[in-house]
Structure formats: structure tokens, C-alpha cells
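A quick write-up on the structure given underneath.
The values are calculated or read from the model by the stated rules, or taken from the named source; none is laboratory data. These numbers come from a predicted model, not from an experiment. All Cβ positions, even for glycine, are placed from backbone atoms using ideal geometry, and neighbour counts span all protein chains on display. Protein only, heavy atoms only, side chains kept; ligands, DNA and RNA dropped before computing areas. Shrake-Rupley method; radii C 1.70, N 1.55, O 1.52, S 1.80 Å.
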Amino acid sequence: MNILILGSGGREHSLAWAVKQNPKCDRLIVAPGNAGIAAIADCAEIDILDGDAVATFAEENAISFVIIGPEAPLATGVADRLRAAGLLVFGPSEAAARLEASKSFTKEICDAAKAPTAAYAHFTDADAARDYIRDQGAPIVVKADGLAAGKGVIVAMTESEALTAIDDMFDGSFGDAGAEVVIEEFMEGEEASFFVLCDGKTILPVGTAQDHKRAFDGDLGPNTGGMGAYSPAPVMSDEITQKALDEIIRPTMDEMARRGTPFQGVLFCGLMIQNGQPRLVEYNVRFGDPECQCLMMRLGGQILDLLQACAEQRLHEIKVNWADDHALTVVMAAKGYPGAYARRTVIEGLDSLPEDSFHMVFHAGTAAADGNIVANGGRVLNITARGASLAEAHEKAYAMAQNVNWPDGFYRSDIGWRAL
Ligand code: AMP
Ligand code: GLY
């Protein structure tokens, strides 16, 4: 089977690495890919937001399965366009991708599904939003309604922070994403990410993880796309997992099907857990980055069978083969990230690192230049390891990180602290 993966980050490198281990995979192409992906697959320069261009490329290259990594092409209907061209696709329709692309839509679905989540109000007018904040008081959470590359959420500990967030959003700092806002009750508790495949009917859990959003050790500094993750998440006990499935995920999937827009793909459920009760923080309609890197380390080559069964609506026929293992990934980022940072700085030492089913350096933002690997983004490398315990995965990942010679990069030294 010839397979095309869309995307260019560490998530897509890990998907490519796992898919390639499956003997069913003949040719693997990743578009646009990056320098790490180029070592294991062919990379192709196509505009992945242009459904017609992707469909034409797939036909010309005898592709029989397309796996869509990031949310942007999903939100613009690339999966629909490819399905219309007769291709087998992993990834939800534009209508189902609204579970990530619109926070107010998700809230509306939660209301209809009676899924536990934060109380909220939805505004298109700044004055009304300000009145609501003054009335509710802080802490309070202000969210741009649309996609904002992970930057559209302000957890305001004071009323004035929340009011400033409203000014920024209605001033256009978040583009069209901020033209509507959702204001939410601040939820306390421990966060976890729960990943399930759904084919429109059957729901199949494929793992849990915990992310580290803040840039620096001790959960300090600005919010980022994620500085490291580990899987499984200890807080996701069997009981909490079952509650999340029964009270949040199943009712959401049923509501989407009832509306004629069934969800088909991976649903990433961000949960807040307090006193044994999970509540929904948000949905994403794709694998998390860097959570995916941990999940792929644990699932390996079977992921292709799982994604294919999901795309073919055969999830009821398939099981996940679990090992009793743990994976942890440390993100190496360019100094300055998530603010301004230098590009094209040289990274050395990668050749000396082990690459096997227990150790992988996934590339998130790299390029090849004059025989060197150079940084080409904010989050650059994902140093990922697997072990019989989280402590072992942690030790292996940090041993690798220490051998990367990149003076212009930094990483957190405490990934996994909560569980260790
Ligand atoms: P989101 O982009 O919705 O995942 O939000 C980013 C982060 O903001 C989440 O991972 C949480 O840490 C935090 N967050 C979002 N909504 C809430 C909420 N209602 N209460 C507390 N924290 C929240
Ligand atoms: N790591 C969080 C995300 O992918 O949205």
C-alpha cells in the first residue's frame, strides 16, 4: 500500500516512523515533511491546504491511503475533497473538525450531549464580554473561538488580565479566530489527554498522555505548544477512563452522528480531573504534538492497521495490542521560543544517538543545509524513549538529550515530574 502523510512536525515524523514498520506499507511519502522525515520517507512539496492539489498528487503517485496530521487541512475540508476523489482517508470531515475549529460549537455539542465541561458564555460583542467578566470575577478563562495555533486561550488569574484579553481579541490580535470569544469558568484539577479513534460508530481508545504546556521548569514561563509529554497518564485510572467514555466521548460522538456529521478520525480529549470526575477542557481532531510521539513509540507498526480500520469503518473488528510500557518525550526548542528565536542554527551529535524501538529523535522543525541539520522552527527536536517504567523512559530520554550538541537550543529538565 502506498501511503501519503500530510504534515511536517514531530507528530508526522513519529506517525511515519510507526507506519513504516508495518509490512503493509510499500511506498511512504510525507508532504511537506522535514529533514528527519526525509531520512525514512520521500518528501514532497505540495500545498497541504489545497485539497485539489493533494488529490491530484495522490492520483499521480498511486496513493491508496492518506493520513492527515495537523488540524489546518482538516478545518478547510481537505479530507472531504480527498474522499470525494475516491481516496481512503484518515481524518475527519470539515463539519466534524468543527469540534476543534470552533470552541462555541464544541460547547453547544456538550450542552446537547450533557457532557460535563466548564460553564461558559459566548460573545460577539466586546462590551457584553467585559460586563460578563466583571460580573463573574477572576480567575476566568477567555478563548478565541477559532483556530489560533494554540495561542487563543488566556487563563486569567485577575479580572484585568481577562479584560486585556478581550481588548486583544477584538483588536484582531488573533485574526478572525478572535472575532468571537468563549468565556469559561476556571476549572481546577489535574489535566490529562485521552486519545480515541472513532469511525463514526465504534470508539477505540489508543492511549493517554500528559503534556507540559509551560516553557520552563516548574511549569513556569509562557504557554507553548507543549515542551514534553509522557504516556500513559497515571491520573487516567480505569474508573476515570470509563467515565470519560460514558459521560463525555460517547454522547459527543452520538450527537455528531445525530446531526448527520459523524466524526471519523482521532479525537483528542483534553480533560480536567478533580475528585474522581473528568470534565472536558477541549477537543482536538488530530493527534497531539508531542503526545503523539509517545503514543507511536508505544504502538509501533500496528498503528497503520488501526488507522486503516478507522478509515474503513471497521474499528469494531480490531483490538489494540498493549505492552505494559511507558514512553516520554523531551522537546528541544530554539532559545527564545515561544517568542522570537534564531533559525538555521546548526545541531550536532544526532548521528551518535541510538535509533530503535526504545529510542528515537523525532524531528519537529529541522532542515538540511550544507550537510548539516539546522533548526527551522520553534520546537525543533523530540527526544523520545520507551521503558518498562516511566523512570526508565525518563532516564533514557535525558541521556540522549545530553548528547545533542546545540548551543542555541533549550529543553525542560523536569518532564514527567508529576508522575515521578
Ligand atoms: P486549550 O487550548 O483549550 O487546550 O487551552 C489551553 C490550556 O488552557 C489547557 O490545556 C488548560 O491548561 C487551560 N484551560 C483551558 N480551559 C480551561 C478552563 N476552563 N479552566 C482551567 N484551565 C483551562
Ligand atoms: N500538545 C498539545 C496539542 O497538540 O494541542
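Below are the figures for this structure:
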item: For the chain, accessible area per residue (1.4 Å probe, heavy atoms of protein chains only), Å²; result: 39 Å²
item: Efficiency of FRET between Asp217 and Glu159 - r from beta-carbon atoms, R0 35 angstrom, step 0.05; result: 0.75
item: Dipole-positive endmost among Met157, Gln308, Ala192 within the chain (Cβ charges, Cα centre); result: Gln308
item: Residue-level accessible surface for Asp131, protein heavy atoms, 1.4 Å, Å²; result: 90 Å²
item: Efficiency of FRET from Cβ geometry, Asp246 and Asp168, R₀ 45 Å, rounded to 0.05; result: 0.75
item: Stretch gain in nm, segment Glu348-Asp42, where the contour uses 0.36 nm per residue and the Cα spacing is subtracted; result: 107.8 nm
item: The chain: relative contact order in percent, alpha carbon pairs under 8 Å with at least 6 residues between; result: 17 percent
item: Under 5 Å, built H, 5+ apart or other chain: amide partners of Val281; result: Gly270, Leu271, Met272
item: Electrostatic dipole magnitude of region 158-281 [Cβ: Lys, Arg +1; Asp, Glu -1; Cα centre; debye, to 20]; result: 680 debye
item: Residue of Asp80, Asp408, Asp168 that the Gaussian network model of the chain assigns the largest fluctuation, springs spanning Cα pairs under 10 Å; result: Asp168
item: Where Leu163, Leu328 fall by accessible area, highest first, once all protein chains stay in place (1.4 Å); result: Leu163, Leu328
item: For the chain, alpha-carbon Rg relative to the globular expectation (2.2 N^0.38 Å, N residues); result: 0.94
item: Heavy atoms of Phe216 accessible to a 1.4 Å probe, total area in Å² rounded to 10; result: 100 Å²
item: Gaussian network model of the chain, springs between alpha carbon atoms under 10 Å - residue of Arg344, Arg258, Arg98 with greatest fluctuation; result: Arg258
item: Interchain or long-range residues, amide H under 5 Å from Phe186's placed H; result: Val141
item: In Å², nearest 10: area of Tyr398 left accessible to a 1.4 Å probe; result: 20 Å²
item: Residue-averaged 222 nm ellipticity for the chain, from DSSP H runs of 4+ at -39500 (n - 2.57), nearest 500; result: -8000 deg cm²/dmol
item: Whole-Hz ³J(HN,Hα) from phi, Karplus 6.51 cos²θ - 1.76 cosθ + 1.60, for region 350-365, glycine and proline x; result: 5, 4, 7, 8, x, 9, 7, 6, 10, 9, 8, 9, 8, 8, 9, x
item: Choice from Pro407, Pro278, Pro338 with maximal GNM fluctuation in the chain (Cα, 10 Å cutoff); result: Pro407
item: Distance in nm between pseudo-label sites at Glu188 and Ser413 (7 Å out along the Cβ direction from Cα); result: 3.1 nm
item: Charged-residue dipole, Cβ positions (Lys, Arg, Asp, Glu), the chain about Cα centre, Debye nearest 20; result: 660 debye
